[in-house]
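Read the structure below first, then the notes.
Laboratory data are not the source of any read-out in this text; all were calculated from the coordinates shown. Computed from a predicted structure; not experimentally measured. Here the Cβ is made from the backbone with ideal geometry for all residues, glycine too, and neighbour counts use every protein chain on show.
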Amino acid sequence: MALTSPEKRIWWNEPLSKIELTWIVIAFLWGLTMFGTMVYWHFTGEQNLSNEAYRIRPEVFAERTEAQAEKYKVREEGDTGIPVVKPPAGSDVYMLARRYEFWPILELEKDKQYRLHLSSMDVQHGFSLQPTNINLQIHPGYEMVLTVKPNKTGEYSVVCNEYCGVAHHAMVGRIYVVDSKK
Amino acid sequence: MAKDFKFRTCPETGLKVHSQADALIKANAVVAVVFLAIGGLFGLLVALTRWPAVHMLDAELFYLALTAHGADVLVFWIIFFEVAVLYFASAILLNARIVLPKIAWLGFILMLVGALMANVAVLQGESSVMFTSYVPMKAAPHFYLGLILFAVGALLAVGIFFGTILTAKKEKTYEGSLPLVTFGALTAAIIAVYTILSGAIILVPTFLWSLDLIPHIDSLTYKLIWWGFGHSSQQINVATHVSIWYATAALLLGAKPLSEKVSRGAFLLYILFLQLASAHHLLVEPGVSSSWKIFNTSYALYLAVLGSLIHGLSVPGAIEAAQRKRGFNKGVFEWLRKAPWGNPAFSSMFLSLVLFGFLGGISGVTMGNEQINLIIHNTIYVPGHFHATVVAGTTLAFMGITYLVVPLIFQREIVMKGLARWQPYLFGLGAAGISLFMMGAGTIGIARRHWDITFSDAPLTVDVPGTAFMMMGLNGVFAIMATIGGAIYVVVVVASILFGAKRDEAACKANPVVTAGGGEAVASYGAEEEHPNLSGTIVLVTLLFVTFVLYYYVNWKFLSEVWPLS
Ligand code: HEM
Ligand SMILES: [Cu+2]
Ligand SMILES: [Cu+2]
């Protein structure tokens, strides 16, 4: 039994029961299927993470984000006057994460593509876009670039879901998705 | 033998027990239980804070408690207990002496000092960085130093385990191949070497960085190596609790593995493939390529998953076969109905098996998919998943074997048997509840490690669905149930050790804990021509498989609804 040495010295020649063999084959094929599903989704699925990323100094990223905000600011919001920025459809948009905010607020058009650039100014943060539920990890010193295409209008929150310090739970940002007609 | 070593003979199993093995197992197990008690209490505080209607701790204390909870239960409770299991699987099962007991004790002391040091650092409040301590967030230097000392101590223990096995072989204290349980422990120990080295490679520079001796640690590199430690250690847990499943089934029911070859092969898959799977912690990080992620999560992870699926058939299969030989042969499930459900060692083991497979295994593989991880990463789904693996799976299995370790090693009767009988059900149900409700809340996007889902301090409002509040409340209710189950365990174990009646030879005869023939195998196939009837096990694994496939594709459906991104 399991607590004593195998009864047969040459245990590796014991015959395999059919049931075990069948299960091993099924489990193995299931692994292959899951592998295939991931690959298949790269060709046909619409939700794949880009692998585009660059090393970047936080100051440089901040400069780019500020330049964009200055150029395309449409209004301010919140008690602290966070700029709402509406870059043209199809363009590059920047959002930075720092203790304890995602800056600035973005306004995007529905069904238009944007190249979204994300990076952190200090520690790691989590970019959790709700309610659609997309979750990314944001590192300092790395710029992640992904193409997004908002598929529903509305008000979205960006919640920080990587612990980043005492006010981590107050770290939220916002993205508006509006109809392209107006 | 060079010296006279003190041995006693176990009246129930006939095994020769080295006094040093006895003492080391006792010390490590007792300290483990103490850390479970402390860490579990922090877990309750955390869960009560995340229950929106209760919201118990303030933010700073919450993050402190969460850091302490993760470190005390995941690292200290689990690893102290595993060291006890290693000594059991080597010295005791092989009738052997512990080599270099002094070094083993040194390891124990290092682990204890390290664990205390890390706890002090966390309680001082300057190290609320979570047990993952992702850089560039910085903890106090003695937080890292504590973890390093703990790791060095654990490495010594692993070394003693290898030494003990080699000496046993040399001194011919056993014949033939290693018993399966020792083999499983050996796989755990081999993975532990890799794990602890990864930990050292990343924690030593981080410690130096915390002293300002190194200017910078790259956050992505840190994560890659840290999870080489953090994830592989989960594989140690799995290898250990699977060994315990086999051991419990053997001790209580005389179950013998269906095939030594298959069970050992499944353990080997763990060694060969799980290390690489630390990749599934980096699925949504910048700058990690898809082909690397797919290779590491599927080629590597799925072959390790294959190992677990194999055990998922062979463990219940061995039990079914043994029970049928004992005469519980009616229908599909008489063997299971007539199992010793009133014995906490058995009920813990079987609940651990079922909950680990159905809740922990399925959720883990699903969220470990490259794309599906996008909708799960860092949501509270993640703690939901690992409370199914490491609490309902590993912790419950460890609790179960304690009900055998106390009579066999501490040689004390279990006291408060009536309470003990209910303990696994309370704890198992509580753990299953917190797992499920955290997974549920995570599926709708609730963040992990988060103090306030009302966002009352935030400059912008966030719309959180009402169901999330309900699920976090239910999580709190089940957390209380799990805590009661955990507290009963601690009380019963401590009280039995202190006040339980001593088990002398007569007591062992009158009231054996090891069933039937001193643990002789009641069944022996694989070696036999006749194939055992395993219809109940087939029903169980079919159910597991169907649940798995359905749940897996439901999550692809969820994924397909989020914003297109590329
Ligand atoms: C009474 C039993 C327990 C309860 C009520 C409990 C509850 C919780 C809760 C509510 C969280 C926080 C989730 C979050 O906000 O992110 C958590 C985190 C965690 N728990 Fe438990 N838990 C229990 C036992 C355990 C055990 C036995 C282990 C390990 C063996 C464990 C390991 C962890 C870990 C590693 C974390 C993550 C900490 C982090 O995010 O840094 N828990 N637990
Ligand atoms: Cu943050
Ligand atoms: Cu945060």
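Tabulated data for the structure shown
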| read-out | value |
| --- | --- |
| A:ILE134 long-range amide H proximity, modeled H, under 5 Å | A:LEU129 |
| Antiparallel bridge percentage (DSSP; both residues within the protein assembly as shown; nearest 5) | 70 |
| Separation of alpha-carbon centers, region B:533-562 and region B:335-362, rounded to whole Å | 19 |
| Phi to ³J(HN,Hα) by Karplus 6.51 cos²θ - 1.76 cosθ + 1.60 over region B:451-464, Hz, x for Gly, Pro | 7, 8, 7, 8, 6, 5, 8, 7, x, 10, 7, 10, 8, 10 |
| Cα gyration tensor shape of region A:51-178, rounded if a/c is under 1.5, else prolate or oblate by comparing a/b with b/c | rounded |
| Spacing of the two label points (7 Å from each Cα toward its C-beta) at A:LYS149 and B:LYS6, in nm | 7.6 |
| Violating pairs (Cα-Cα greater than 22 angstrom) within the set B:LYS6/B:LYS169; B:LYS172/B:LYS502; B:LYS138/B:LYS293 | B:LYS172/B:LYS502; B:LYS138/B:LYS293 |
| Centre separation in Å (Cα based) which lies between region B:25-60 and region A:113-167 | 31 |
| In region B:382-487, trypsin sites (Lys or Arg not before Pro) in a DSSP loop with at most 11 other beta-carbon atoms within 10 Å | none |
| Spin-label zone in region B:306-327 - amide nitrogen under 17 Å from a point set 7 Å from the Cα of A:LEU32 along the C-beta vector | B:306-307 |
| Amide H partners (placed H, <5 Å) of A:THR153, local residues excluded | none |
| Pairs of Lys in region A:51-178 closer than 16 Å at Cα, counting only those 8 or more apart or on different chains | 9 |
| In Hz, Karplus ³J(HN,Hα) per residue of region B:431-448 (6.51, -1.76, 1.60; θ = phi - 60°; x = Gly, Pro) | 5, 4, x, 5, 4, 5, 6, 5, 5, x, 5, x, 4, 9, x, 5, 7, 7 |
| Point-to-point label distance, B:ILE103-B:ALA495, nm (Cα→Cβ direction, 7 Å offset) | 4.2 |
| Residue-averaged [θ]222 nm for the protein assembly as shown, counting only DSSP H segments that reach four residues, each worth -39500 (n - 2.57) | -18000 deg cm²/dmol |
| For A:ASP92, distant residues with modelled amide H under 5 Å away | A:ARG115 |
| Candidates per trypsin sites (Lys or Arg not before Pro) in region B:1-45, loop by DSSP, up to 14 other Cβ within 10 Å | B:LYS3, B:LYS6 |
| Whole-Hz couplings from phi, Karplus 6.51/-1.76/1.60, listed for region B:278-295; x for Gly and Pro | 4, 4, 6, 8, 10, 6, 10, 8, x, x, 10, 7, 4, 5, 4, 5, 5, 4 |
| Trypsin sites (Lys or Arg not before Pro) restricted to region B:72-174 and DSSP loop, no more than 11 other C-beta within 10 Å | B:LYS172 |
